[in-house]
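These notes concern the structure reproduced below.
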Amino acid sequence: MSGTIFGYSEAEVAEFGMTFLLGGFMLYMLFIIGELAWKSKAGKMGTFILFFVLAFGMLGFAAKSIIKKMWGI
């Protein structure tokens, strides 16, 4: 039974973590960005800039997953 965790293979555990757990973490980071904008009283333009700049990397990561599924990689 080597290579299994609670009856799931290592690949299944990694796939679950990369989809659901990382997705939840990304939502939490968006909450943190919003909290930062609110506490700093950034205004509409400042909030937009914070979300655009800080969430741009997350958008790229999500786009990579979508492109991989579309191309069948």
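The values are calculated or read from the model by the stated rules, or taken from the named source; none is laboratory data. Model, not experiment: these values are computed from the prediction. Here the Cβ is made from the backbone with ideal geometry for all residues, glycine too, and neighbour counts use every protein chain on show.
Laid out as a table, the results:
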{"quantity": "Qualifying positions in the range 39-55 - under 21 Å from LEU27 (Cβ atoms) and in a helix (DSSP H, G or I)", "calculated": "LYS39, THR47, PHE48, ILE49, LEU50, PHE51, PHE52, VAL53, LEU54, ALA55"}
{"quantity": "Criterion: modelled with pLDDT under 90 and of a type in the set (S, T, N, Q) - qualifying residue of THR47, THR4", "calculated": "THR4"}
{"quantity": "Scan of the range 6-36 for residues that are surrounded by 11 or more Cβ atoms within 10 Å (Cβ to Cβ) and not in a helix (DSSP H, G or I), ordered by number", "calculated": "TYR8, SER9"}
